[in-house]
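Engineer: Structure in structure tokens, see below.
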Amino acid sequence: MPSLRRSLILYFLALVGLALGGLGLLIDRFAAYALDARLKSETDRINQETTAEVEKTRGKFDADLLVEARQLAREYRARLMGLVRVNYSRAGEESLRMFNLAMQLMPLGDAGNGWATATAGVFSHGSPNPFDRGRQQLFGAYHTNVLREPYDAARAEFQASPEHTHLFQLHVAARDTRDRQVLRHSGLPEELPTDLPNEDVTDTWYDDVAVPGLGTVRRLMYRSPYYAPIPPRQTFPIGGRGGRPGSSPGGFAPIVVQVAHPLADKEEVLARLTQRRDEQFTTLAAETGDAQHRLRLRIATIGGITFLAVVFGGWLLIGVGLSPLRKLSDAVSQVTEKDFRLSVEKEELTTELAPIHDRLTQSLDALRRAFEREKAAVADISHELRTPVAGMLATMDVALRKPRTAEQYKETLAECRTIAKQLGGLVERVMTLAYLDAGHNSAHPIPVDVSELAGGCAAVIRPLATAHGLTLRTDLPPAAEFTTDPDRLREVLMNLLHNAIEYNKPGGSITLKAERDPAGLTVEVADTGIGMSDDVKAKIFDRFFRADPSRTATGAHAGLGLAIVKEAVNRLGGSIAVDSTPADGSTFRVRLPG
């Protein structure tokens, strides 16, 4: 037998499980959305930081190259000019004076041939302050050496210096490519391109320049604001060939620095940044996955603990909630055949159990009345049986007191037969009710002419009505075919007609009426008898109830006729009602659906 408590806890647990599962899924979705948003935000942040560091790294490499180029240009000019000044001082006081004069006449940013201008203006014939031929020849003899030797010395010093880590070349960019001076760092396998323009150059960056032995480099060609003297290609006495200066007395040209750095170093740094970014991505994804896993584990743990708590707590709480039902059950179990009253009041129960209490109370009241009726029925049956039996015994005792004639014995047997017929009728009625109560003797509907059936019942009952001084009238249609059980309908009509005769007044009348309509069949039996009060009408269909208890029961009328009629009409699927007024008669109306 299933347990209500177990069923309720199972239903409740199913509901709680669905609620916890839905809530857990909802929390998991929201958490996954938040973690994805956080992952995307952190990924964007790492990308931005890496991009900024990459740009910073690239800018630092370029800034280092530019700083290196400026420093190289500054140092190179300082060393070169110092060596040139020393050489000129060795050449003679006049040469040094000429050099200082040329330096004063040469602006720092002039790209023209200031040296040639200065020397031409100083040593030309017709000059306001001409030197003598000896000084001119002395300057021409030392001019080439005092300029070329410093270049060689500066080249040697820079090639041997470990101070500069970048790869570099220094150019003194004369307009005539034959006058250019190139200083190459000893670490370079070969000279960098020197495709310097004839005009002044500006800072130029070169990407992806392939240098044999170094791979791809990042190269800067930097035009410094410094100038250096250019040694002449050949010298001859100033003023020769018609008194004009020599063909290439030298001059000044800008110092151009090329600084290079292998891209492999920068790419290595950038690769480390990229690797660090990827590692951060991997770590962030792993942390996000771990966080989501931990969250799901916590949700599952909390859900499991909650579910177990609901299992034990729900079992106890449902037990407490079912206590009113247990109280009602205990009250019902205390009901006996002697006490049909519930020991619990409706106010002590819950709202849901109040209707059950009402229905149980009504059912118990009905059972009580049924038991009372059954007791009364047993008493009535005993009385009904005792009276005929007592009469039969008395008749036989009287006949046996003395010898009787054959005619007297015949009369005694006739009286006993009459009494036995009454007893047989009573037993037959009781058996009919027993069959009806057991569900036997069910209806067998067939098409039947109701007018003919009702007319036959009237013909059978008319002699009895005449014997009681009553008039029986019929109001039947010419033909009224209806599908029903003819035996059941005949039994109903005969009982109603017998009742109309039994409870009628002398000289009264009985009317049998039938009416067929599309909705069904209506049969009425009206009499002009004693009538009934409302209290009697409420009990008229109860078993062993008689409307006029003062009448002496004959056994054939023991209060079972209308009970049999009620059961038979119910078997036919219809209904029966009575309209009655005391002292004015009664009308029984049977309605059968079509």
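Engineer: Would you check the accessible area of Asp542, probe 1.4 Å, heavy atoms only, in square angstrom rounded to 10?
Structural biologist: Accessible area of Asp542: about 50 Å².
Engineer: Once you put a point 7 Å from the Cα of Trp315 and another 7 Å from the Cα of Arg58, both along the Cβ direction, what distance in nm separates them?
Structural biologist: The modelled label-to-label distance comes out at 7.1 nm.
Engineer: Take the Cβ-Cβ distance between Lys421 and His498 as r, set R0 to 22 Å, and report the resulting FRET efficiency rounded to the nearest 0.05.
Structural biologist: Details: r = 15 Å, r/R0 = 0.68.
Computed FRET efficiency for Lys421 and His498: 0.90.
Engineer: Please report the accessible area of His357 (heavy atoms, 1.4 Å probe, ligands and nucleic acids excluded) in Å², nearest 10.
Structural biologist: 20
Engineer: Note down the relative contact order for the range 278-357 as a percent, whole number, built from C-alpha pairs under 8 angstrom at least six residues apart. All intermediate terms of the calculation are to be shown ahead of the outcome.
Structural biologist: Numbers: 22 pairs, mean separation 16.0, N = 80.
The value is 20 percent.
Engineer: Can I ask one more? Lysines near Lys60 by alpha-carbon distance under 28 Å, same-chain residues fewer than 8 away left out - which ones?
Structural biologist: Answer for Lys60, where 28 Å is the Cα cut-off: Lys266, listed by chain and number.
Engineer: State, to one decimal in nm, how far the label point of Thr466 lies from the label point of Thr522, with both points 7 Å from Cα in the Cβ direction.
Structural biologist: In this crude label model, Thr466 to Thr522 measures out at 3.2 nm.
Engineer: Same structure, new question: Using the charge dipole of the range 266-352 (Lys, Arg: +1 at Cβ; Asp, Glu: -1 at Cβ; taken about the Cα centre), state which of Leu317, Leu297, Ser329 has its Cα farthest towards the positive end.
Structural biologist: Farthest towards the positive pole: Leu297.
Engineer: Would you kindly state how much longer the chain becomes between Leu295 and Val332 on full extension, computed as 0.36 nm times their sequence separation minus their alpha carbon distance, in nm to one decimal? Could you put the intermediate results ahead of the total?
Structural biologist: Working: separation 37, 0.36 × 37 = 13.32 nm, distance 5.30 nm.
Using 0.36 nm per residue and subtracting the Cα-Cα distance, I get 8.0 nm.
Engineer: Taking a point 7 angstrom from the Cα of Leu4 along the C-beta vector, which residues in the range 291-326 have backbone N less than 19 Å away?
Structural biologist: Residues passing the 19 Å test: 314-326.
Engineer: Place the peptides 63-74, 413-424 in order of packing, highest mean first, counting for every residue the other Cβ atoms within 10 Å and averaging per peptide. All intermediate terms of the calculation are to be shown ahead of the outcome.
Structural biologist: On the way: 63-74: 17.9, 413-424: 15.3.
Packing order, densest peptide first, comes out as 63-74, 413-424.
Engineer: Related question: Calculate, for Asp339 and Arg571, the FRET efficiency according to 1/(1 + (r/R0)^6) with r their C-beta to C-beta distance and R0 30 Å; round to the nearest 0.05. Could the numbers behind the result be given before it?
Structural biologist: Working: r = 34 Å, r/R0 = 1.15.
Efficiency at R0 = 30 Å is approximately 0.30.
Engineer: Something else: Averaged per residue, what accessible surface does the range 264-344 expose to a 1.4 Å probe, in Å²? Mind showing how you got there, number by number?
Structural biologist: Values: 5420 Å² over 81 residues.
Normalised by residue count, the accessible surface of the range 264-344 is 67 Å².
Engineer: Accessible area, 1.4 Å probe, largest first: how do Thr50, Thr204 sort? Don't skip to the end; give the middle numbers.
Structural biologist: Numbers: Thr50 10, Thr204 45 Å².
Ranking Thr50, Thr204 by accessible area, largest first, yields Thr204, Thr50.
Engineer: For the range 257-390, with all protein chains present and a 1.4 Å probe, just round the carbon and sulfur fraction of the accessible area to a whole percent. Don't jump to the answer; show the numbers that get you there.
Structural biologist: Numbers: 5270 of 8700 Å².
The nonpolar share, carbon plus sulfur, comes to 61 percent.
Engineer: Let me ask something else about it. Between Ala406 and Ala210, what length in nm is gained on full extension when 0.36 nm per residue of separation is reduced by their alpha carbon distance? Kindly include the intermediate steps, with their values, before the conclusion.
Structural biologist: On the way: separation 196, 0.36 × 196 = 70.56 nm, distance 16.19 nm.
Full extension of this stretch gives 54.4 nm more.
Engineer: Between Leu15 and Leu284, how high is the FRET efficiency from 1/(1 + (r/R0)^6) when r is the Cβ-Cβ distance and R₀ = 41 Å? Nearest 0.05.
Structural biologist: Details: r = 40 Å, r/R0 = 0.97.
The formula returns an efficiency of 0.55 here.
Engineer: Still on this structure, please answer the following. Please compute the length gained on full extension between Thr483 and Met396, using 0.36 nm multiplied by the number of residues separating them and subtracting their Cα-Cα distance.
Structural biologist: Details: separation 87, 0.36 × 87 = 31.32 nm, distance 4.99 nm.
Extra length available between Thr483 and Met396 comes to 26.3 nm.
Engineer: Now for a different question. Take the residue pairs Lys421/Lys513; Lys410/Lys505; Lys327/Lys375; Lys375/Lys505; Lys375/Lys537; Lys346/Lys566 and return only those whose Cα atoms are more than 25 Å apart. Mind showing how you got there, number by number?
Structural biologist: Working: Lys421/Lys513 31 Å; Lys410/Lys505 35 Å; Lys327/Lys375 31 Å; Lys375/Lys505 32 Å; Lys375/Lys537 21 Å; Lys346/Lys566 34 Å.
In this structure, Lys421/Lys513; Lys410/Lys505; Lys327/Lys375; Lys375/Lys505; Lys346/Lys566 lie more than 25 Å apart at Cα.
Engineer: Taking all protein chains in place and a 1.4 Å probe, what share, in percent, of the accessible surface of the range 1-73 do carbon and sulfur account for? Before the final figure, lay out each step's value.
Structural biologist: Values: 3240 of 4910 Å².
With neighbouring chains kept in place, the figure for the range 1-73 is 66 percent.
The values are calculated or read from the model by the stated rules, or taken from the named source; none is laboratory data. Predicted, not measured: the structure shown is a model, and the values here were computed from it. Quick reminder, even Gly has a Cβ in these numbers, built from the backbone with ideal geometry, and neighbours come from all protein chains shown. Accessible surface is based on the protein model in full, side chains and every heavy atom, while ligands, DNA and RNA are left aside. Shrake-Rupley method; radii C 1.70, N 1.55, O 1.52, S 1.80 Å.
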